[in-house]
Amino acid sequence: MPAEEVRITRITETIGRLEAGKLTPMLRVEFTVGEHGPFSQEFPRATFNPVVARTALEEFARQLQQLSQGR
């Protein structure tokens, strides 16, 4: 069964904290998965890669679909 469609609804810049506790600019990507959501994931602005971000969102969608199959 194909994963449900990931639809990005908004991208905003925020300030987040890295593992070392340092404040850093982040990109928050808000999205839906099919009829589910909204969800969000944050990525460091300095190393942002749209391919990596899209892959992370699609992996989240696959995991969500596995959870939904148990209904």
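The values are calculated or read from the model by the stated rules, or taken from the named source; none is laboratory data. The structure displayed is predicted, hence computed values, not measured ones. Every residue, glycine as well, gets a Cβ built from its backbone with ideal geometry; the counts of neighbours run over all protein chains shown.
Residue count for the range 11-59, restricted to those that are among the charged types (D, E, K, R), more than 10 Å from the chain's Cα centre (by Cα) and under 20 Å from Q69 (Cβ atoms): 1.
Candidates in the range 11-34 are the residues that are in contact (Cβ under 8 Å) with a residue 24 or more places away in the chain and part of a loop (DSSP other than H, G, I, E, B); of these, the one that is surrounded by the fewest Cβ atoms within 10 Å (Cβ to Cβ) is L18. Looking at (1) touching a residue at least 40 places away in the same chain (Cβ under 8 Å); (2) assigned to a helix (DSSP H, G or I), which is the only condition L67 fails? Failed condition: (1). Each residue in the range 1-10 was checked for being over 14 Å from the mean Cα position of the chain (by Cα) and either at pLDDT 95 or above or surrounded by fewer than 15 Cβ atoms within 10 Å (Cβ to Cβ) (or both), and 2 of them qualify.
Residues that are at pLDDT 95 or above, loosely packed, with under 14 Cβ neighbours inside 10 Å and hydroxyl-bearing (S, T, Y): does the range 48-66 have at least one? Yes.
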